[in-house]
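The values are calculated or read from the model by the stated rules, or taken from the named source; none is laboratory data. Note that the structure is a prediction, hence the values are computed from the model and not measured. Using ideal geometry, Cβ is built from the backbone for each residue, glycine included, and neighbour counts are taken over all protein chains shown. Just so you know, the surface numbers come from the protein's heavy atoms only, side chains and all, with ligands and any DNA or RNA stripped out. Shrake-Rupley method; radii C 1.70, N 1.55, O 1.52, S 1.80 Å.
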Amino acid sequence: LGTTEDRGYIEWKHRWEPNPDLVVRAQVEQWGDSDFIKDFYYDSYRNRTTPRSFINTTYRRPNYVATATARVNTHGWVRETERLPELSYHLLDRPLGSGFYMSLDTLTGYYDRGSNGTHSTRNVNVARLSYDWDPTPGLSITPFYEANLAWYENDRNGDSNSRISHNMGVTLQTRLHRTYEGFWGFDKFKHIILPSMTYSHRPDSSMSFTETPRFDNYDNTIGQSRLETKLDNVF
């Protein structure tokens with residue numbers, strides 16, 4: 001996109017879909033320095049991410065998604081986790097009968113966060129159980145529970161360690177809709193409003209913050225209570 005002495009910018013992207021279920025993506029980015037984009041392309045790239053170089057293979061089936069990712073960091077000023085590589089398997093929500101659903105996420109890989117010297121082989125397993133309850137036609141209540149089990153070859157003290165954490169909560173959602181007479185050749189129009197609220201609570205995990213390596217959001221250790229609201233409008 002542009003070069004000056006010692007401040008070059010190289011970008012290469014490739015996407016290949018050999019069949020509808022398999023996607024291979026590759027990307028290489030190299031910036032001459034951290035201010036290159038801001039100085040040369042600030043208006044166009046104001047909100048863009050830091051440079052990324054990776055290759056990812058994603059295989060999708062109706063019941064699960066499997067991925068393989070290798071990601072390297074060639075910029076000393078980027079605080080990014082390298083995945084060398086990472087394998088993941090995501091079992092999508094599946095019914096267990098009588099309104100219960102289960103999902104499972106498992107990730108295994110070698111991670112290196114060179115900016116702070118943290119590196120480890122890690123295995124993370126997150127199991128989620130939810131219950132879909134509709135006490136009235138206009139109200140949906142979904143309590144859920146998540147269990148997170150992680151293992152680290154090297155914690156921050158250099159020891160092999162495991163971590164158990166939990167997350168539980170409930171989602172409330174209602175549905176409001178109204179139909180309007182159509183025009184411009186349309187028979188009718190419908191406006192749907194979906195307000196929802198989710199409360200979740202995560203106690204402190206079995207590993208302290210000072211022991212746990214931090215590679216991504218799967219490594220959260222500090223307990224918290226969280227309240228989220230959302231309003232969807234569909235016309």
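Which length gain, in nm to one decimal place, applies between THR50 and LEU84 when the Cα-Cα distance is subtracted from 0.36 nm times their residue separation?
On the way: separation 34, 0.36 × 34 = 12.24 nm, distance 1.89 nm.
Between THR50 and LEU84, full extension yields 10.4 nm more.
Go ahead and run the numbers for FRET between ASP216 and LYS188, Cβ-Cβ distance against an R0 of 41 Å, rounding to 0.05. Walk me through the numbers before you get to the answer.
Details: r = 46 Å, r/R0 = 1.12.
The value I calculate is 0.35.
Using alpha-carbon positions, what is the distance between the centroids of segment 129-160 and segment 202-235, in Å?
What the calculation gives is 10 Å, centre to centre.
Report the label-to-label distance for PHE100 and SER206 in nanometres (one decimal), using points 7 Å from each Cα along the Cα→Cβ vector.
The modelled label-to-label distance comes out at 2.2 nm.
Would you kindly give the portion of the calculated P(r) for the chain that falls above 31 Å, as a percent of all Cα pairs?
Details: 12645 of 27495 pairs.
That fraction is 46 percent.
Along the charge dipole of the chain, Cβ charges K/R +1 and D/E -1, which of THR67, GLY109, THR179 sits furthest on the positive end?
Result: THR179.
Could you check what % of the DSSP bridge pairs in the chain are antiparallel, to the nearest 5? All intermediate terms of the calculation are to be shown ahead of the outcome.
Working: 104 of 104 bridges.
Restricted to the chain, the bridges split so that about 100 percent are antiparallel.
In deg cm²/dmol and to the nearest 500, what is the mean residue ellipticity at 222 nm of the chain if only DSSP H runs of at least 4 residues count, each as -39500 (n - 2.57), divided by the residue total?
Values: 1 runs with 6 residues, N = 235.
Computed ellipticity for the chain at 222 nm equals -500 deg cm²/dmol.
Magnitude of the Cβ-charge dipole of the chain, K/R +1 and D/E -1, about the Cα centre, nearest 20 debye? Walk me through the numbers before you get to the answer.
Numbers: 27 positive and 30 negative charges, 116 e Å.
Dipole size: approximately 560 debye.
Counting only protein chains, not ligands or nucleic acids, how are LEU22, LEU172 ordered by accessible area (probe 1.4 Å), most first? Could you put the intermediate results ahead of the total?
Working: LEU22 45, LEU172 65 Å².
Heavy-atom accessible area, descending, gives LEU172, LEU22.
As a test of understanding, state the convex hull volume per residue of segment 1-93 from its alpha carbons, in Å³.
Numbers: hull volume 11.9 nm³, N = 93.
With only Cα atoms used, segment 1-93 gives 128 Å³ per residue.
Between LEU91 and ASP134, what FRET efficiency comes out of the Förster formula 1/(1 + (r/R0)^6) with R0 = 30 Å and r the beta carbon distance, rounded to 0.05? Could you put the intermediate results ahead of the total?
On the way: r = 24 Å, r/R0 = 0.81.
For ASP134 and LEU91, the calculated efficiency is 0.80.
Would you mind computing, in nm to one decimal, how far apart the modelled labels at GLU11 and TYR59 are, each placed 7 Å from Cα along Cα→Cβ?
Each label point is offset 7 Å from its Cα along the Cβ direction, giving 3.2 nm.
Using +1 at the C-beta of Lys and Arg and -1 at the C-beta of Asp and Glu, which of ASN56, THR81, SER160 has the Cα lying farthest in the positive direction of the dipole of the chain?
Of the options given, the answer is ASN56.
Taking all protein chains in place and a 1.4 Å probe, what share, in percent, of the accessible surface of segment 48-143 do carbon and sulfur account for?
On the way: 2990 of 5200 Å².
With neighbouring chains kept in place, the figure for segment 48-143 is 58 percent.
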